[in-house]
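What follows is one structure encoded as structure tokens, with my remarks underneath.
The values are calculated or read from the model by the stated rules, or taken from the named source; none is laboratory data. What you are looking at is a predicted structure, and each value in this text was computed from that prediction instead of being measured. Cβ atoms come from the backbone with ideal geometry, glycine included; neighbour counts cover every protein chain shown.
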Amino acid sequence: MESVLEVKNLSFGYKKDFLLFNNFSISLKKGEIKAIVGASGAGKSTLFELILKNLKAPNAEIKSSKISQVFQDPYSSFHPSYTLLSQIKDVANIDELDSYLESINLEYALLLKLPHELSGGQLQRASILRAMLMKPELLLLDEPTSALDNLIQLEVMNMLMKNLDKMGMLLITHDMELAKWCADEIILI
């Protein structure tokens, strides 16, 4: 399978005398899920910011394929003044919308609403929907199921795993049981 992410020799810290990453490397191929597990403040979200090139690591080599991301806080990932559907249409083709809606147990009518009109769990599923419709080769998932109840969490993770033939996934989670259940490799930081 082809590589969708290569991080080599990543050293980064917000303070010169304290590195979150010291010569860190990771490789991810299409068809793989790798989970990043660690305590709050360990650098999990910072790793995503570095992969997205929102932060710069001077000597690191970071190469990635087309990326889509699911943020931990779904309320900050949507503009409050526009319907979810209009925001999804702005960045993605909606040809496969109906099949994804069914697989994540989300009603089409909810997409016609503003973000604040949905629960956190509904909004998180809409965020996952948008990310999938963008057809990424690399999907970055930051605590994607933490706002979902157990049954919906299982449905969403099953849908994501059914799409592994199209992408690789890097998952940030505090949930070690989730990581053990779905990940090919668990990386503790």
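Select from the range 110-134 the residues that are over 13 Å from the mean Cα position of the chain (by Cα) and among the charged types (D, E, K, R) and write down the one among them that is nearest to residue 89 (Cα to Cα).
113
Filter the range 102-136 down to residues that are part of a helix (DSSP H, G or I) and among the polar types (S, T, N, Q) and give me whichever is surrounded by the most Cβ atoms within 10 Å (Cβ to Cβ).
By that ranking, first place goes to 124.
Please find, among 91, 37, the residue that is of a type in the set (Val, Ile, Thr) and loosely packed, with under 12 Cβ neighbours inside 10 Å.
91
Can you name every residue in the range 137-189 that is among the β-branched types (Val, Ile, Thr), over 27 Å from residue 20 (Cβ atoms) and part of a loop (DSSP other than H, G, I, E, B)? Give the steps one after another, and end with the answer.
To start, the set of residues in the range 137-189 that are among the β-branched types (Val, Ile, Thr) comprises 145, 152, 156, 172-173, 186-187, 189.
From what's left, over 27 Å from residue 20 (Cβ atoms): 152, 156.
Matches in the range 137-189: none.
Which residue out of 171, 110 is more than 30 Å from residue 3 (Cα to Cα), hydrophobic (A, V, I, L, M, F, W, C) and either out of contact with any His (no Cβ under 8 Å at 6 or more places or on another chain) or at pLDDT below 90 (or both)?
Working: 171 fails: more than 30 Å from residue 3 (Cα to Cα).
The conditions single out 110.
Out of 105, 150, I need the residue that is among the polar types (S, T, N, Q) and in contact (Cβ under 8 Å) with a residue 40 or more places away in the chain. Which one?
Sole residue among the options that is among the polar types (S, T, N, Q) and in contact (Cβ under 8 Å) with a residue 40 or more places away in the chain: 105.
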